[in-house]
Amino acid sequence: MSPLNLAVRDAPTGPVVEVKGELDYDTSADLRDLLAALPLKPGQRLVLDLARMEFCDSSGISTLIVARNHAQSAGADVALAAVPASTLRVLRVVGLDQIFPLHPDAESATGT
Amino acid sequence: MCRTGQQSDPHDAGGEKTSDAAFAALLEDSTEELYECAPCGYLSTLMDGTIAKINKTLLDWLGLEREAVVGRMRFTDLLTMGGKLYHETHFAPLLRMQGELGGVALEIRKADGVRMPVLVSSVVKHGATGEPLLIRTTFFDARDRRAYEEELLRARKAAEEAHRQAEADRARLQDALAVLQSSLLPDILPRIPGMETAAHYRTASPDRLGGDFYDVFPIDATRFAFFLGDVCGKGPQAAAVTSLTRYTLRAAALHDPDPVSALSTLNRAVHERYSGGDPRYCTAIFGTLEPDPGTGQVTVRLASGGHPPALVLRADGTADFLPTPGGLLIGILPNAPFAPATTTLGPGDTLLLYTDGLTEARTGEGRSALYGDEALRAFATDHAGRPPSAVMEALTGLLDGFGDGLDDDTALLALGVPAARPTTGTPT
């Protein structure tokens, strides 16, 4: 089991949260806490870079929705970058691929 | 320290004598004093038990004068009634046999009637020819030890009482949970004319409050509704959403049985209740069954909100998913799209609904691979054409085979039209 590692960096479009490791029932609270404390300005885009996310269960999916709610309440936008194939399959089953803008990588999500 | 010359020797020797005397005084060099005032009781008795010698410590404990004891009382006279009996039946025989006995807990009875717990050790003194002469006995004050033991006993009783209370509480909670759990799932499925149904539910949570749900119920004289779904999460929080979901869908279906309409109503209810920082949502397939007594066929209309597609097992031995792409998780958006689908079940056909506990069971070496959609379709194909009860039995066996690879709740619902059935639609 690899624990969850989170890193935040600033892009011209807004914060980029890099999610590394396993986003599951035990670790997703970390991401929720980080999101709750993350300042977002109206018009910004919150990007979750999932390139190095190794696992995501239903609690993890929940946390992605928390991120979306957080961005919306701040008048900001949300996007997922580099969604792993297994998570993308789940997102399609539950219809979330229609809700989240998906980008192949963080660069295209931040327009850099 | 080093000595400096011979002169100091006599002086030193005198000093040693002085300190020896002081030491001896401190050490109670009188053996008589040591015997009389030792921190334990000493007692010497003849072989018949008559007390020959007793020290002051024991006399003080007993509250007796030496004259009243020596030559007048026996060892057993010092004991309580229980002690006397124990002495007769155990102590004396063992002592005769072994010649010594140690650490026996007895009670002596003081002159004022108060009992005092003691630890008694005895040894038999033998003469030159080996004949027993007398018995030497020591008594140790065991009042502190007894208090300690009583404290232990009290603590144990308190712990046992707390444990009993905890067990009672646990049983009460189990009962409450069982009642709540039974409100989340139907006890039995209603009989549907011209159809056969089977369901299975397996919860992975130890409190048996699952996040999966299903139901089948009549909506009017001819039609039935069914649903099956999965609430995100486990335990009581998930069960609360399950409850909301089940009763909302039941009420919505009576109002408007159109599947998309029913799921939309549920979506609004869940979203209104759980939007915010701790979103809760579920996936579900809701559908209606309309048996046609004339043809024996059943029209199925269903819609999915983020739920894995249903499987249709055909009488001809094929099995395929009934795709419902684009249906969104229920409860995350105020207005969510739901995907409708329709199929017709003929004789020998079965509609199978499942939750992802089945398809995401961990299989293979190291439990690293997931069972998956394709494996399920292949399994269903093997059992296509069989009645729902047989399909369910096969799936239950499959779940058993997953063992500890099954780490999520699993709900299964099979709705089928019996194969060799006359066209009247009346079940036998």
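The values are calculated or read from the model by the stated rules, or taken from the named source; none is laboratory data. Everything numeric in this text was worked out from a predicted model, so none of it was measured. Positions of Cβ are generated from backbone atoms using ideal geometry, with glycine treated the same way; all protein chains shown enter the neighbour counts. Side chains included, ligands, DNA and RNA excluded: accessible areas come from the protein's heavy atoms. Shrake-Rupley method; radii C 1.70, N 1.55, O 1.52, S 1.80 Å.
Below are the figures for this structure:
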{"quantity": "Cα gyration tensor shape of the stretch A:5-107, rounded if a/c is under 1.5, else prolate or oblate by comparing a/b with b/c", "calculated": "rounded"}
{"quantity": "Residues whose placed amide H lies under 5 Å from that of B:LEU133, excluding near-sequence neighbours", "calculated": "B:LYS125, B:HIS126, B:GLY127"}
{"quantity": "Per DSSP, loop GluC sites (Glu not before Pro) in the stretch B:32-81 with at most 13 further Cβ within 10 Å", "calculated": "B:GLU65"}
{"quantity": "Between the stretch A:11-31 and the stretch B:220-295, the Cα center-to-center distance that results, in Å", "calculated": "32"}
{"quantity": "Relative contact order (percent, whole number), the stretch B:112-253, Cα cutoff 8 Å, 6+ residue spacing", "calculated": "15"}
{"quantity": "Backbone HN-Hα couplings from phi across the stretch B:245-250 [Karplus 6.51/-1.76/1.60, Hz, Gly and Pro as x]", "calculated": "5, 4, 6, 5, 5, 4"}
{"quantity": "Residues in the stretch B:258-281 that, when all protein chains are in place, have 10 Å² or more less accessible area than the chain alone would give (probe 1.4 Å)", "calculated": "B:GLY276, B:GLY277, B:ASP278, B:PRO279, B:TYR281"}
{"quantity": "Whether the stretch A:54-112 is rounded, prolate or oblate, judged on the alpha carbon gyration tensor where a/c under 1.5 counts as rounded", "calculated": "oblate"}
{"quantity": "Most mobile listed residue (B:ASP20, B:ASP169, B:ASP220) in chain B, GNM with C-alpha springs under 10 Å", "calculated": "B:ASP20"}
{"quantity": "Under 20 Å from B:LYS125, Cα to Cα: lysines that are on another chain or at least 8 residues apart", "calculated": "B:LYS53"}
{"quantity": "Under 5 Å, built H, 5+ apart or other chain: amide partners of A:HIS103", "calculated": "A:LEU80, A:ALA81, A:ALA82, A:VAL83"}
{"quantity": "More than 34 Å apart - percent of Cα-Cα pairs taken over the protein assembly as shown", "calculated": "60"}
{"quantity": "Under the Karplus curve 6.51 cos²θ - 1.76 cosθ + 1.60, θ = phi - 60°, whole-Hz ³J(HN,Hα) for the stretch B:227-243, x wherever Gly or Pro sits", "calculated": "8, 8, x, 8, 8, 5, x, 9, x, x, 4, 5, 4, 4, 5, 4, 4"}
{"quantity": "Degrees separating the helix B:143-182 axis from the principal Cα axis of chain B, which is the longest one", "calculated": "10"}
{"quantity": "Degrees separating the helix B:388-402 axis from the principal Cα axis of chain B, which is the longest one", "calculated": "40"}
{"quantity": "Per-residue ³J(HN,Hα) for the stretch B:186-202, Karplus 6.51 cos²θ - 1.76 cosθ + 1.60, θ = phi - 60°, Hz, x for Gly and Pro", "calculated": "x, 5, 9, 8, x, 6, 9, x, x, 9, 10, 10, 8, 9, 8, 9, 9"}
{"quantity": "Amide H within-cut-off set for B:GLY348, under 5 Å, with H built and near neighbours excluded", "calculated": "B:VAL417, B:ALA419"}
{"quantity": "B:ASP141 accessible area, 1.4 Å probe, all protein chains in place, Å² to nearest 10", "calculated": "70"}
{"quantity": "Between the stretch A:47-87 and the stretch B:87-129, the alpha-carbon center distance in angstrom", "calculated": "81"}
{"quantity": "Helix B:373-383 axis, angle to chain B major axis (alpha carbon atoms, nearest 10°)", "calculated": "80"}
